[in-house]
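Input: a single structure, listed below in structure tokens.
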Amino acid sequence: KQLTDPDSAKFDEVVFNRPKGSVCGYVNSRNKFGGYTGKTMFAVSESGDVYLDPGDLPTRVPGITLDELTASLKALDFLIEHCQKYEK
């Protein structure tokens, strides 16, 4: 649901974090212009929630709302907690 073109998704370095019950890895998919966006870290929680690395979202999007910033930080916190030891 979070990808513009889910059918184009290429997954890499996907691992299962058994203690946390989460799946982590990288995804690369096409954007609305048809080009690939580059590898983005993702995590899927035990309950099925999907978190994508927000990258530099707060600094590159003028006028970001507090809700958007909070969601970005929540995603980043989840990735750090669940996937950090798998980061290369």
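The values are calculated or read from the model by the stated rules, or taken from the named source; none is laboratory data. Remember, predicted model here, so these are calculated numbers, not experimental data. FYI the Cβ positions are ideal-geometry reconstructions off the backbone, even for glycines, and counts take in every protein chain you see. Ligands, DNA and RNA are stripped out before the accessible areas are found, and what is left, the full protein with its side chains, is counted by its heavy atoms. Shrake-Rupley method; radii C 1.70, N 1.55, O 1.52, S 1.80 Å.
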- prompt: Hey, among K32, K20, which residue is at negative phi and in contact with a helix residue (DSSP H, G or I) (Cβ under 6 Å, 6 or more places away or on another chain)?
  reply: K20
query: Which of the residues that make up region 26-51 are open to solvent by less than 60 Å² (accessible area, probe 1.4 Å), out of contact with any Ser or Thr (no Cβ under 8 Å at 6 or more places or on another chain) and either more than 17 Å from F78 (Cβ to Cβ) or in contact (Cβ under 8 Å) with a residue 40 or more places away in the chain (or both)?
result: G34, G35, G38, M41
- line: Note: among F78, F11, just one is at pLDDT 80 or above and surrounded by fewer than 17 Cβ atoms within 10 Å (Cβ to Cβ), namely F11
query: Does any residue in region 11-22 that is without any contact (Cβ under 8 Å) to a residue 40 or more places away in the chain come within less than 6 Å, Cβ to Cβ, of a residue that is in a strand (DSSP E or B) and surrounded by 12 or more Cβ atoms within 10 Å (Cβ to Cβ) six or more places away or on a different chain, and which pairs are these?
result: F11/G25; F11/V27; D12/Y26; V14/G25; F16/V23
